[in-house]
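The structure appears below as structure tokens.
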Amino acid sequence: MSPPEAASPIERRLLAEQQTLGQPLRSLLRGQPVTCDESCTVRAALRRMNEAHVGGIVIVDAQQRPTGIFTERDLLRGMPDLDLDAPVTAVMVREPLTLPAHTPSYEAALLMVEHRIRHVLVTEEERLVGVVSERALFSLQRLGLGELTMEIRLARDIDGLAQLAERVRRLTRTMVEEGVAAERVTLFVSVLNDRISERIIEVARKRHGWDRIGWCWLAFGSEGRLEQTFATDQDNGLLFVAHDGRKPAEVRAVLLPFAREVNEALDACGFPLCKGNVMASNPELCLSFEEWQAKLSGWLENSEPKALLDASIVFDFRALSGDARLAADLRQWFLSVTRKRPNFLRLLADTALQAKPPLARWKDFVTEDAPGAPGTINLKMYGVRPFVDAARVYSLAHGLPQTNTVERLRAAGAAGALPAEEARAMLAAFLLIQRIRLQHQATQPVLDGDLPNRIDPKQLNELDRRALKEAFKLSRDLQSRLAMDYQL
């Protein structure tokens, strides 16, 4: 299937990149990487780079494991005080980002966009086998993801960002129609939505003159998990610390107008205001570090299932803008205390069992007669949620820092929290449901309420209907394991 005529050149080019980005990194490697050992001087490293006509060199240890990278950009940053006879280890970027050679190329693209870097090192059993550059992933002859990200970064006002947000939604539809994998679609749309949100925050921040406040904009829910789809409202909060001893209430009064402006701008860009008021402009979610600790502790001690259900959206928090170290410290504290609260984890597991997979004993599915959608299944509530909730329990129970459901399931399998084979099967089932959900949402003219998440199983083709039933069986198995693990 070719891209629809309405697709813009940037959308068609980015779609073409998706086909390339599905390949393993190994397939993009050309020639041997240019390296030097840790005793090499800056002068010798530059000479080697010049002879090989490359813009960077990888520093490796005796086992050919990468320990750093030195590029022309590092050279320019160090001028004019750079000592050419100093060891290259003194100026290299340490702990460069590496990925195994079997990794899909799109993961390297995501890292480049997210961390604003130009090279990713490729390894086999921790040994360097090659370097993938931004140029290899995003050809200079194309626009693509990097260009769209740059347009977002340079946008000066909310109107311009609203237009770019609409382009992202059109692009997402095109990707779904072309059969791009669900994991890839949700990751790319989440990263692009992150960039739009970050730019909105930057634009709003310039109009607010406060200082001496450390702050971090937190993403919750599907945004926190990097699992956004077409139909997604806002779920966010603010974390802050005052550097001059001011009381939290004083700082909050300063930050709330800023938070309100950001929430309204996000709404104008197609991210609807949260009906449950889970937003940074809500004073109950614009809190100091100590207040967030107290709030999370209160949820940990609350035995009411509804309170836990309402709070679980916040448990998937991650930093979106501002000082990410604040969120990292809060995450580290949260993981340390949850592992010591078996009663909380048991209650959270019990809450995760509330949304039963819609399987009938004598027929394929249990459907609902929702207003305007008779005979349908809510794929968000009864399809996606069982996997999201179970993965959250296992990640918190084992101190796993991931917030993304796919990454949580993989990490749970690697950590032994789930049998590895089961984790892979659950992952495949979750992504299949996400694919069907995305394909349905792509056909909806209005993305409001729960209708975009409701499907009539009779409208699915036979293959998808059978696959969906098997996916629901796996989510039922996952819930059974959760019930067994927590004796529920």
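The values are calculated or read from the model by the stated rules, or taken from the named source; none is laboratory data. Keep in mind the model is a prediction, meaning the values are calculated, not measured. Every residue, glycine as well, gets a Cβ built from its backbone with ideal geometry; the counts of neighbours run over all protein chains shown. Surface areas here come from the heavy atoms of the whole protein model, side chains and all, with no ligands, DNA or RNA. Shrake-Rupley method; radii C 1.70, N 1.55, O 1.52, S 1.80 Å.
Give me a count of the residues in the stretch 121-151 that are of a type in the set (A, V, I, L, M) and at pLDDT below 90.
Here the count works out to 8.
Being crowded, with 16+ Cβ neighbours inside 10 Å and among the acidic types (D, E) is the filter here; which residues of the stretch 39-82 pass it?
D74
Sort out which residues of the stretch 408-420 are touching a helix residue (DSSP H, G or I) at 6+ places or on another chain (Cβ under 9 Å) and open to solvent by 20 Å² or more (accessible area, probe 1.4 Å), and write them in order of number.
The answer is R410, A414, A415, P419, A420.
Could you please let me know if L238 is farther than 23 Å from L438 by Cβ and in contact (Cβ under 8 Å) with a residue 12 or more places away in the chain?
The answer is yes for L238.
Which one of the conditions (1) outside any helix (DSSP H, G or I); (2) open to solvent by 40 Å² or more (accessible area, probe 1.4 Å); (3) not charged (D, E, K, R) does P257 fail to meet, given that it meets all the rest?
Looking at each condition in turn, P257 falls short on (1).
Return a yes/no flag: does the stretch 363-386 have any residue that is of a type outside the set (A, V, I, L, M, F, W, C), touching a Leu at 6+ places or on another chain (Cβ under 7 Å) and modelled with pLDDT of 90 or more.
For the stretch 363-386, residues of a type outside the set (A, V, I, L, M, F, W, C), touching a Leu at 6+ places or on another chain (Cβ under 7 Å) and modelled with pLDDT of 90 or more: present.
Within the set of pairs 6 or more residues apart or between chains, which connect a residue that is at negative phi inside the stretch 278-302 to a residue that is surrounded by fewer than 19 Cβ atoms within 10 Å (Cβ to Cβ) and part of a loop (DSSP other than H, G, I, E, B) with Cβ atoms less than 7 Å apart?
M279/L273; L300/R341
Among the helices (runs of 4 or more DSSP H) lying completely within the stretch 156-224, list those that include at least 1 residues that are among the hydrophobic types (A, V, I, L, M, F, W, C) and within 13 Å of N236 (Cβ to Cβ).
182-205
Look at D85 and say whether it is in contact with a helix residue (DSSP H, G or I) (Cβ under 7 Å, 6 or more places away or on another chain), open to solvent by 60 Å² or more (accessible area, probe 1.4 Å), at pLDDT 70 or above and over 13 Å from V131 (Cα atoms).
So D85 fits the description; yes.
When only residues in the stretch 220-260 that are among the small types (G, A, S) and under 14 Å from the mean Cα position of the chain (by Cα) count, which is nearest to P401 (Cα to Cα)?
Looking at residues that are among the small types (G, A, S) and under 14 Å from the mean Cα position of the chain (by Cα), I get G224.
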